[in-house]
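See structure below.
Each reported figure results from applying straightforward, stated rules to the coordinates on display, with no laboratory input. Everything quoted here is computed from the prediction, not taken from an experiment. Cβ: placed from backbone, ideal geometry, glycine included. Neighbour counts: every protein chain shown.
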Amino acid sequence: MQPPQGTPNRRTRDVLLIAGLLVLFLAGLAGLAAATGWQETLEQVRRLSYAQVGLLLSLSLVNYAFRGARWHVFARTLGLPTTLLQDQRHFFGGFAMTVTPGRVGELIRMRWLKRETGWPVERTAPLVLMDRASDLAAIAIILGLSLTLSTVGIGGALPVVVLALAMAFVATRPSLLSAFVTLAYRGLGRWPRAFGRIRQSTRALRHFSRPDVVATSLLLGATGWLAEGYSFHLLLGWMGADIGLWNAIGIFVFATLAGGLTGAPGGVGGAEAAMIALLQLQGIPLEVSVPATTVIRLTTLWFAILLGLLVFPIAERMSKRAAHELETR
């Protein structure tokens, strides 16, 4: 019998997956650095002080904290009896599973909620959908702003903006999602109970269409992603490649979105390739674009995963304790 999720074997597999992807990420960028000259690449990295790296990490923390607050808004909108600290713990802990295939590992948040509140997964599943949809909408809005305010456009960005907004719109419309679920069930003709639960989950999305919820979630999400985009702008400036605030933000969010749309775990590979290519179109040589991409991805994606790995065992332990308390009441 396979060990259940959360056992040492499962945790070991997840850690090995994360470590393997990190090795591939670093190996790919190391290959580019070797092709352009190690000395130039290392020189760019050496220019950064500890204070500058600390500022990059702090701006990433702003992103995570604001998006964690958005998760809390969604949880309260759904009616979950959770606190801000509790929801932040779940949100940060879920980062440990960011690079699982399809990010399905982030569903661990649903398990924690089930243990601590008694709510079944089908009732809390809309949280994951709204979190993804809100990120898509916030990034698309920022990308649209960057296209308007930057001095140089980003080729192919407009279709991506439209696609992201369309996906966010569909994901937050219960009637549309329910229709898609029905079509999928009719096409497959199997698993009626599973499709029934999915349809039940889509009905809960109506709670998130209130103007105050939409405005708050977009404000929190956009503020978070702008913080990381601004960190990329600062990094490029420190490396002597200032391309302008909105150009830098546009490249960062476009690469992040493009990496996510590839379906690769954490967008690894796709995001880096898009970022380096767009920087080159701005006239930034590889000896600058490669280390800039390496540093920004380490201080955003991989920093989030590190935080997730630190918070994960705490969230797991506290959820088990809460589940035990619920059972003994």
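Label-to-label distance for Thr148 and Leu306 is 3.7 nm, based on points extended 7 Å past Cα in the beta-carbon direction.
Between Leu85 and Val53, the contour length at 0.36 nm per residue exceeds the alpha carbon distance by 8.9 nm. Rounded to the nearest Hz, the phi-derived 3J(HN,Hα) couplings of the range 279-290 under the Karplus curve 6.51 cos²θ - 1.76 cosθ + 1.60 (θ = phi - 60°) are 5, 5, 5, 8, x, 8, x, 4, 5, 10, 5, 5, where x marks glycine and proline.
Calculated FRET efficiency, Val214 and Glu122, Cβ-Cβ r, R0 22 Å, to nearest 0.05?
0.40
A crude spin-label estimate for the pair Asp242 and Arg329, with each label 7 Å from Cα along the Cβ direction, gives 5.7 nm. Extending 7 Å from Cα along the Cβ direction at Leu281 and again at Arg46 yields two label points whose distance is 3.4 nm. Charged neighbours of Glu327, selected by a Cβ distance under 15 Å, balance to +3 (K, R count +1; D, E count -1).
As a rough guide to protection, the peptides 249-260, 217-228, 86-97 ranked by mean Cβ packing within 10 Å, highest first, stand as 249-260, 86-97, 217-228.
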